[in-house]
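A short write-up of the structure that comes next.
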Amino acid sequence: MTPNGLPVRIRTYLDAHTRHGVPTAAGCFGPAPVVVDDGRTHRGRDAVLAWLDKTSTEYTYTSTTLTAVRHDDRRWTLTRRLEGDFPGGTVDLAHAFTLDDGGRITELTITACM
């Protein structure tokens, strides 16, 4: 699945996060973002920036978008496969994005696919 049909901020976030481009990835979020990942909630720009910094350097991995579902103009869910040096080595994750009127990411929830 190619990301060409995705909103620009989602595409930019995915590319920047994969390349460890924390400032660029952070710029894709709105002024009061919320990220839920690994059961933890990160609220606000500073918390999301810290989360981006940690998750972009914690492990080495590659990622592939398997599916992308557009629920409406503001909500998208992507299934991404990560393969790397983390425990288990391979995982499929659902990334549920919510965007504001300007296309910025306001919420991102990442959960393991079952």
In the set T62, T67, which member is closer than 21 Å to A112 by Cα, touching a Ser or Thr at 6+ places or on another chain (Cβ under 6 Å) and polar (S, T, N, Q)?
T67
Picked from the range 11-49 (must be small (G, A, S) and within 12 Å of the chain's Cα centre (by Cα)), the residue surrounded by the most Cβ atoms within 10 Å (Cβ to Cβ) is A25
With G84, G102 as the choices, which residue is in contact (Cβ under 8 Å) with a residue 12 or more places away in the chain and more than 22 Å from H20 (Cβ to Cβ)?
G102
Which listed residue, of T90, T106, is within 14 Å of P7 (Cα to Cα), touching an Asp or Glu at 6+ places or on another chain (Cβ under 6 Å) and either surrounded by 12 or more Cβ atoms within 10 Å (Cβ to Cβ) or of a type in the set (S, T, N, Q) (or both)
T106
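Only the coordinates and a few stated rules stand behind these numbers; no lab work does. What you see is a predicted model, and the numbers here were worked out from it, not measured in a lab. Positions of Cβ are backbone-derived with ideal geometry, glycine not excepted, and every protein chain shown enters the neighbour counts.
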